[in-house]
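Quick note: the coordinates plus some simple rules give every number you see, no bench work behind them. It should be emphasised that the depicted structure is a prediction, and the values quoted were computed from it without experimental measurement. Don't worry about glycine lacking a Cβ; one is built from the backbone with ideal geometry, like all the others, and counts go over all protein chains shown.
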Amino acid sequence: MISDSNEDQLKKAAAESAVALVTDGMIVGLGTGTTAAFALSAIGRRVSEGLRIVGIPTSERTATQARALGISLTSLEQERQVDITIDGADEVEEGSLNLIKGHGGALLREKIVASASKRLVIIVDDSKLVSHLGTKEAVPVEVVPFAWQVTAQYLAKLRAKPSLRRTPDGQPFHSDGGNYIVDCMFDQGVAGPALAQEMDHVVGVVEHGLFIGLTSEVHVAGANGVRVLK
């Protein structure tokens, strides 16, 4: 098992590798989550050294951290295309590079920014690599709060075991968009593209954490250094 300190070192190594791709004048999508935070710190350091970029944050939490680091921000209302987005992932399927994302609660905004990006660069440690999606992690599904139980019933018909995400005090977790998140576990992994298409047609689903065909490359940190999957 990887210790927390070793895991952080791996995340940092993957982040530094990906951030090396950022150059002057770029519009950069800024991911959300513990791994993406290392990339944000690396970008902030480079900005302090003279790098000129503007960022588009994928969550309010990321926006707050970016401002504290002196990173200039914009939005998709002002800039309709992003040069590069750097973000983490909960699972990366080897071969396809399809992803599960959203355990940080920002999957809707993350997918909007990723879809508007010329390049989506994912940073992970090698524990996140899987042969089939859904083998270790739940698929987060953002749903409207109204009658969420009905939406969960529809998700259960897709062989999911849905569970409403809650805060530490037991209240329903709210995304930045004010929606709930239902985490869906599967017994034997999932066929990502087929399940994504099915979830796209469930009434009450705002977005799901299956990122299909969006990834440009994955920077994977392990004991022997960082390798890049394309």
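General remarks:
- Any hit, the stretch 62-78, residues being surrounded by fewer than 18 Cβ atoms within 10 Å (Cβ to Cβ), over 14 Å from the mean Cα position of the chain (by Cα) and closer than 13 Å to Leu120 by Cα: no
- Enumeration of residues in the stretch 185-230 that are of a type in the set (D, E, K, R) and under 15 Å from the mean Cα position of the chain (by Cα): Glu207, Glu217
- Qualifying positions in the stretch 141-152 - of a type outside the set (Phe, Trp, Tyr) and more than 13 Å from Asp183 (Cα to Cα): Val144, Pro145, Ala147, Val150
- Residue count for the stretch 160-182, restricted to those that are surrounded by 17 or more Cβ atoms within 10 Å (Cβ to Cβ) and either free of Cβ contacts under 8 Å to residues at least 60 places away in the same chain or under 21 Å from Ser131 (Cβ atoms) (or both): 4.
- Looking at Val113, Val82, just one residue is surrounded by 19 or more Cβ atoms within 10 Å (Cβ to Cβ) and closer than 27 Å to Cys184 by Cα, and that residue is Val113.
- Scope the stretch 131-157; condition in a loop (DSSP other than H, G, I, E, B) and touching a strand residue (DSSP E or B) at 6+ places or on another chain (Cβ under 8 Å); matching residues: Ser131, His132, Leu133, Gly134, Thr135, Lys136, Glu137, Ala138, Val144, Pro145
- Hits in the stretch 54-68 (condition: assigned to a strand (DSSP E or B) and either under 18 Å from Ser175 (Cα atoms) or touching a residue at least 40 places away in the same chain (Cβ under 8 Å) (or both)): Ile56, Pro57
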